[in-house]
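Right, one structure below, let's go through it.
The values are calculated or read from the model by the stated rules, or taken from the named source; none is laboratory data. Being a predicted model, the structure only gives us computed values, none of them experimental. Please note: Cβ atoms are built from the backbone with ideal geometry, for glycine as well, and neighbour counts cover all protein chains shown. Just so you know, the surface numbers come from the protein's heavy atoms only, side chains and all, with ligands and any DNA or RNA stripped out. Shrake-Rupley method; radii C 1.70, N 1.55, O 1.52, S 1.80 Å.
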Amino acid sequence: MRTFRFGEEVLPGIKALDASGHTPGYTVFETDSLLIVGDLLHVAALQIPRPEVCTIYDMNPSGAVWARRRFYEFAASSSKPVAGMHLPYPGIGRIGRSAAGYVYLLGK
């Protein structure tokens, strides 16, 4: 096991980004071509268009909402695909902007 700080490379080309909220110290990992969001969201069909919706698993709801909004905007701005546990099959896609906020776009 190896500890790290947010903003550091945990392995060559993989940067740890602060997404605290879902759990304390929750981390999104960024590579040159991908954001690995893991459990940033739990119900993609609901929480991508409405990042303010929390589940019981979000230990700090306001922090979780902040993190979702931050990374949805980052993903939409960078056009990097996102990968995560609770995204529709195959678990990788893009987040884009819509008139109401954000939308999930299937495929990388």
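Residue 21 satisfies every condition listed in (1) open to solvent by 20 Å² or more (accessible area, probe 1.4 Å); (2) at positive phi except (1).
Listed by first and then second residue, the pairs with beta-carbon distance under 8 Å, at least 6 apart or on different chains, first residue in the stretch 1-12 and free of Cβ contacts under 8 Å to residues at least 60 places away in the same chain and open to solvent by less than 100 Å² (accessible area, probe 1.4 Å), second hydrophobic (A, V, I, L, M, F, W, C) and not in a strand (DSSP E or B), are 10/4. List every residue pair whose Cβ atoms lie under 7 Å apart, where the two residues are 6 or more positions apart in sequence or sit on different chains, the first residue falls within the stretch 51-63 and is over 20 Å from residue 98 (Cα atoms), and the second residue, located anywhere, is assigned to a helix (DSSP H, G or I). Taking only residues 6 or more apart or on different chains, the pairs are 54/61; 54/64; 54/65; 58/64.
The set of residues in the stretch 25-39 being surrounded by 15 or more Cβ atoms within 10 Å (Cβ to Cβ) and either at positive phi or in contact (Cβ under 8 Å) with a residue 24 or more places away in the chain (or both) consists of 26, 28, 30, 34, 35, 36, 37, 38, 39.
If the condition is being under 13 Å from the mean Cα position of the chain (by Cα) and in a loop (DSSP other than H, G, I, E, B), then the stretch 1-22 contributes 19, 20, 21, 22. Failed condition for residue 14, given (1) out of contact with any Pro (no Cβ under 6 Å at 6 or more places or on another chain); (2) at pLDDT below 95, with all others met? With (1) out of contact with any Pro (no Cβ under 6 Å at 6 or more places or on another chain); (2) at pLDDT below 95 applied to residue 14, the lone miss is (2).
Could you pull out the residue among 81, 61 that is more than 18 Å from residue 20 (Cβ to Cβ) and not acidic (Asp, Glu)? Give the steps one after another, and end with the answer.
Details: 61 fails: more than 18 Å from residue 20 (Cβ to Cβ).
Going through 81, 61 in turn, the sole match is 81.
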